[in-house]
Amino acid sequence: MADIVDIIKYEGDNETFIWKHPCEDFNTKTQLIVHESQEAIFFMNGQALDSFHAGRYTLKTENIPLLSKAAKVATDGKTPFHCEVYFINKTQTMAIKWGTDSKAQYIDPEYNFPLSIGACGEMAVSVNDARKLLIKLVGTEEYLGKNQLISFFRGILNTRIKTYIASTMKSKKINIFEVDERLEEFSEDLKEKLSKDFDDYGITLNNFFVITVVKPDGDEQYEKFKDLHFRQYADIAEAELNQKVGVINQQTEAKKMVIESEAIAQKRRQEGYTYQQERGFDVAEKVAENEAVGEFTNMGVGLGTMAGVGASVGGMVGGMMNDAVTSTTNSPTQNLSYCENCGSPIAPGSAFCEECGQPLNNNSCPKCGYKFEHQGKFCPKCGYKREV
């Protein structure tokens with residue numbers, strides 16, 4: 001028979017759900033200490049008897065009514081009795097890792113490409129029914145920790161998680177490259193689906209997180225598929241970027257033109273002239289660069305235009321233009337006549353040609369009287385054949 005102890009208390013850690021005290025022999029003077037967030041259950045002959053919550057208890061038949069009915073217990077404080085005590089930790093245990101032990105097979109809904117995916121994450125649980133957990137899950141085991149708990153629920157976790165992820169991605173047409181955007185949604189849905197399974201064993205599923213959906217990285221076919229996908233979207237992104245850059249450049253050029261126009265307008269306002277006057281200055285400058293008004297006229301600018309320009313740019317330029325026009329109009333060369341014989345110019349009042357000596361009495365058409373100005377074979381007015 002083992003030594004009889006005087007104090008029974010929990011000696012496990014915070015990651016332990018159930019811990020059985022190693023001593024099984026007590027007397028009616030033994031002290032039981034149960035901490036906060038704990039519960040102690042007495043077993044005798046394989047039967048769960050009384051439960052004790054936080055507090056200090058002296059083990060005697062008055063405190064253990066079910067024990068007194070199950071066995072004859074001496075009350076002298078010296079005779080021992082044989083029982084088992086289990087401590088159940090009811091605090092919330094977090095960061096319990098889980099993961100699927102195989103990958104789910106499914107067809108990507110966007111590309112119709114077969115893929116294999118798994119999942120892993122963490123969860124937090126707490127005991128809500130110590131007696132149910134002890135009887136249904138632990139049995140005769142002396143210890144239940146996080147790893148043992150996950151091993152008990154591995155089958156449930158694999159089935160529920162793999163089925164849910166594959167069916168949800170198919171029904172909602174979730175691309176494999178968009179799956180990380182749905183982790184919060186997956187976590188909430190799976191928590192709801194798994195809560196009843198845990199509750200059946202007296203456990204509350206406080207939190208459930210899908211942290212990673214495991215993709216088939218490294219698989220040759222998957223890598224080709226991934227490269228094709230990202231290249232496609234890279235081309236789209238590049239085209240959109242180029243379009244945005246083009247728009248920005250157009251906007252920048254437009255702003256530049258507006259700024260330059262505003263600067264020119266401001267310059268005109270400061271110097272006191274208009275756009276029309278500025279164009280007049282430009283025309284006058286062109287006139288000054290030409291040696292004769294005839295050359296200026298050859299540029300397609302009429303005399304009326306030149307007179308208008310003179311008015312726009314000021315009296316000085318206008319006078320210059322008018323003088324040039326007048327001198328051109330009144331030039332002696334406009335009244336010259338020509339010898340019918342040799343075509344040389346004839347000075348006004350001449351009777352004979354200075355070059356060939358031809359008499360000048362035949363300088364008019366004998367038929368219509370048209371005064372000839374150039375040498376020719378016919379009269380330009382009536383068509384009379386001229387005598388040369």
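We did not get these values from a lab; they are worked out from the coordinates using the rules stated. Note that this is a predicted model, so its numbers are computed, not measured. Cβ placement follows ideal geometry from the backbone for every residue including glycine, while neighbour counts extend to all protein chains displayed.
Assorted remarks:
- In plain terms, the bigger the Kirkwood radius, the slower the diffusion; for the stretch 173-216, with that radius from Cα pairs, at 37 °C and 0.692 mPa s, Stokes-Einstein puts D at 282 µm²/s.
- GLN221/SER195 FRET efficiency (R0 30 Å; Cβ-Cβ; nearest 0.05): 0.20
- Modelled label positions at SER364 and GLU15, each set 7 Å beyond Cα in the direction of Cβ, lie 13.7 nm from each other.
- Descending Cα extents along the principal axes, the stretch 93-216, whole Å: 52, 22, 21
- Each eigenvalue of the Cα gyration tensor of the stretch 79-144, multiplied by 5 and square-rooted, gives one semi-axis; in descending order these are 43, 13, 9 Å.
- Annotation for ASN128 and THR212: the two label points, set 7 Å from Cα along the Cα-Cβ direction, are 3.1 nm apart.
- Value of relative contact order over the stretch 93-216, rounded to a whole percent, pairs C-alpha under 8 Å and six or more apart: 40
- Dipole magnitude of the stretch 93-216, debye to nearest 20 (Cβ charges: Lys/Arg +1, Asp/Glu -1, about Cα centre): 300
- Rounded, prolate or oblate (a/c below 1.5 giving rounded, otherwise prolate when a/b exceeds b/c) for the stretch 114-153 by Cα gyration tensor: prolate
- Extension gain, LYS385 to ASN147: 0.36 nm times the residue separation minus the Cα-Cα distance gives 72.4 nm.
- Test item: Cα-centred dipole of the stretch 141-180, Lys/Arg +1 and Asp/Glu -1 on Cβ, debye: 300
- The simple Förster model, with R0 at 35 Å and r as the Cβ-Cβ distance, assigns ALA54 and ARG154 a FRET efficiency of 0.60.
- Cα-Cα over 19 Å, subset of LYS173/LYS215; LYS173/LYS224; LYS193/LYS215; LYS172/LYS224; LYS90/LYS162: LYS173/LYS224; LYS193/LYS215; LYS172/LYS224; LYS90/LYS162
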